[in-house]
Amino acid sequence: MEYKIIDPLKISSEELPIIVLVDNRNAFISWAIKSHSKGNYNHIAEVFKPGFVASQDPCGFHEVSLDKYMKPNVFLKFWKVKDITKGQQADWLHNIESELKKPWIKRRYDFMGIFGQLFNIRWFNNTWTKYCSEMVRSHIIDPLGLKIPVHITPTEFNDYFNNDPRFEVYGYWFMD
């Protein structure tokens with residue numbers, strides 16, 4: 001397998017949005033998520049403008065500089081949609097930007113859903129909030145016409161992308 005190493009800060013606006021999977025190898029919570037989901041990724045976000053991701057984390061859904069993730073012991077994998085139309089791009093970006101404009105109470109994190117994941121009761125969550133992979137799913141299913149499971153994990157997203165020919169790896173980033 002060949003790894004295309006990229007500089008995420010050089011992704012152009014014409015290429016967006018792009019999905020980024022995060023493997024933080026230096027945090028206990030990250031280890032716990034990966035251990036429980038038996039996977040390599042603990043977080044998923046969307047690059048929606050150059051140098052920035054829309055991320056659902058314990059602080060809620062908000063804009064975060066990619067620099068936050070470009071740290072030692074963090075591995076990033078970027079996925080793009082092949083042959084995405086301008087309309088699909090616009091709809092996806094609109095979904096992200098509309099979500100970012102909602103009041104904080106509607107952008108808060110689904111802590112209950114994390115407990116549901118922890119105890120393998122995936123339907124156990126707060127229906128008015130989302131965790132990271134639920135947020136990404138909500139932005140892409142309509143514009144791209146995808147059939148993605150409701151309570152998917154970041155690792156399951158990676159598996160889904162690996163098995164859907166519409167997606168391809170855009171590149172990887174890690175610090176030596």
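Bear in mind these aren't lab numbers, they're just calculated from the coordinates by the rules spelled out. Just so we're clear, the structure is a prediction, and the values are computed from it rather than from any experiment. All Cβ positions, glycine included, derive from the backbone under ideal geometry; neighbour counts span all protein chains shown.
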Hypothetical label at ARG166: residues of segment 77-95 whose amide nitrogen lies under 17 Å (7 Å Cα-Cβ projection): 79-95
Nitroxide proxy distance, nm - points 7 Å out along Cα→Cβ at VAL150 and LYS82: 3.2 nm
Proximal charge balance of ASN162 [Cβ under 11 Å; K/R count +1, D/E count -1]: -3
Linear extension gain, PHE75 paired with ASP159, 0.36 nm per residue minus alpha-carbon span: 28.6 nm
